[in-house]
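The next block holds one structure in the form of structure tokens; read it before the comments.
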Amino acid sequence: MITRTCTTGNLAMLRKIVISLSIFLAQAIDVSAARQADPIGEKLAKARDSSESKTSKARESFLQAMETRLNTISKKAQLDDIKRVKSETDAFRQDGTMPTNPFVALDRKNYETAVARARSELKKALEAAKAEYVKAGQLAEAEAIDSELRSGASPVVEREERTREPLDPIVGFWRIVIGERGTTQTVLNVYFPPVDNPGVRSAMARRNQTSPVKYFQGSWSKSGDIYTLHGPNGATAKVKMGGGGEGFAGRAAAGAAVVGFRQQR
């Protein structure tokens with residue numbers, strides 16, 4: 001009898017333990033799920049995706065419009081105008097440099113309007129998410145969004161705005177020949193980036209990934225119409241632009257002739 005009583009008591013105790021443990025686990029799972037679920041963040045993520053998609057579509061439409069303009073003016077415009085439109089189209093495709101030629105002014109305005117609209121929509125989504133996080137007591141998430149709003153909601157648009165002014169003619173990819181004709185000449189492929197826009201310095205790296213011709217990155221300064229160029233291995237030269245910005249000529253520090261031929265903007 002004593003053994004049966006103990007066994008029955010043990011079974012009852014075991015049942016209580018199992019029930020308590022089940023309740024505890026269920027509550028723990030509910031808490032974990034609540035912590036993992038973030039409907040505010042999910043809603044904001046969709047807004048980000050939408051903004052990025054609209055910006056990408058606007059960019060593709062702008063490129064297509066520029067190609068159409070190029071085909072149109074190729075039949076009736078001057079050669080310099082055709083080359084300028086082609087060069088600026090290639091530059092925008094490569095690193096986002098905004099074109100300044102008048103042939104695509106309307107297309108550019110449409111592009112900027114579309115991107116600005118996408119940026120505005122994302123900003124509203126960020127502000128709404130911030131308010132919802134504050135209301136939910138999730139202050140860390142609210143502070144992160146506040147920092148993003150203060151820094152600007154769209155780095156892409158900010159980059160476009162920084163590149164609205166025309167780039168200096170020296171900016172781009174060049175084939176440089178050093179030495180007099182009839183003598184042994186050295187040929188260098190050099191990319192000169194904008195000095196005031198680090199956002200497009202990666203253009204050389206992207207080109208080197210796809211082009212069989214590899215470029216060194218140089219640097220430059222300008223005084224009046226004279227450029228001081230700095231190439232690989234400490235090479236320097238003073239040159240003057242000519243040929244409508246498609247070439248330059250001058251002398252290296254050691255006295256050798258230097259001639260540059262533009263390969264691409």
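The values are calculated or read from the model by the stated rules, or taken from the named source; none is laboratory data. Small disclaimer: the values here were computed from a predicted structure and weren't measured. FYI the Cβ positions are ideal-geometry reconstructions off the backbone, even for glycines, and counts take in every protein chain you see.
In the range 169-180, the residues that are hydrophobic (A, V, I, L, M, F, W, C) reach residues that are in a loop (DSSP other than H, G, I, E, B) and surrounded by fewer than 20 Cβ atoms within 10 Å (Cβ to Cβ) with C-beta atoms within less than 6 angstrom, at least six apart or across chains, in these pairs: VAL177/GLN185; ILE178/ALA256. The set of residues in the range 79-106 being within 17 Å of the chain's Cα centre (by Cα), over 10 Å from ARG69 (Cβ atoms) and hydroxyl-bearing (Ser, Thr, Tyr) consists of THR97 alone. Taking residues in the range 220-245 that are in a helix (DSSP H, G or I), and partners anywhere that are exposed (fewer than 15 other Cβ atoms within 10 Å of the Cβ), the pairs with Cβ atoms closer than 8 Å and at least 6 places apart or on different chains are GLY244/ASP80. Considering each residue of the range 122-137, count those that are more than 11 Å from LEU149 (Cα to Cα) and loosely packed, with under 15 Cβ neighbours inside 10 Å, and give that number. Looking only at that region, the number is 4.
Considered as a group, the residues in the range 51-103 that are touching a helix residue (DSSP H, G or I) at 6+ places or on another chain (Cβ under 8 Å), polar (S, T, N, Q) and surrounded by 14 or more Cβ atoms within 10 Å (Cβ to Cβ) include one that is modelled with the highest pLDDT, and that residue is SER61. For the range 243-260, taking the residues that are loosely packed, with under 13 Cβ neighbours inside 10 Å and closer than 25 Å to LEU79 by Cβ, the one that is modelled with the lowest pLDDT is identified as GLY243.
To keep it simple, each residue is scored yes or no on (1) loosely packed, with under 15 Cβ neighbours inside 10 Å; (2) at pLDDT below 90; (3) in a strand (DSSP E or B).
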{"residue": "PRO169", "(1), (2), (3)": "no, yes, no"}
{"residue": "THR183", "(1), (2), (3)": "yes, yes, no"}
{"residue": "GLY199", "(1), (2), (3)": "no, yes, no"}
{"residue": "ARG207", "(1), (2), (3)": "no, yes, no"}
{"residue": "ARG262", "(1), (2), (3)": "no, yes, yes"}
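Here the helices (runs of 4 or more DSSP H) wholly within the range 41-159 that include at least 3 residues being closer than 30 Å to GLY172 by Cα and not hydroxyl-bearing (Ser, Thr, Tyr) are 79-95, 105-135. For the residues LYS135, LYS109, the requirement of being over 19 Å from the mean Cα position of the chain (by Cα) and modelled with pLDDT of 90 or more singles out LYS135.
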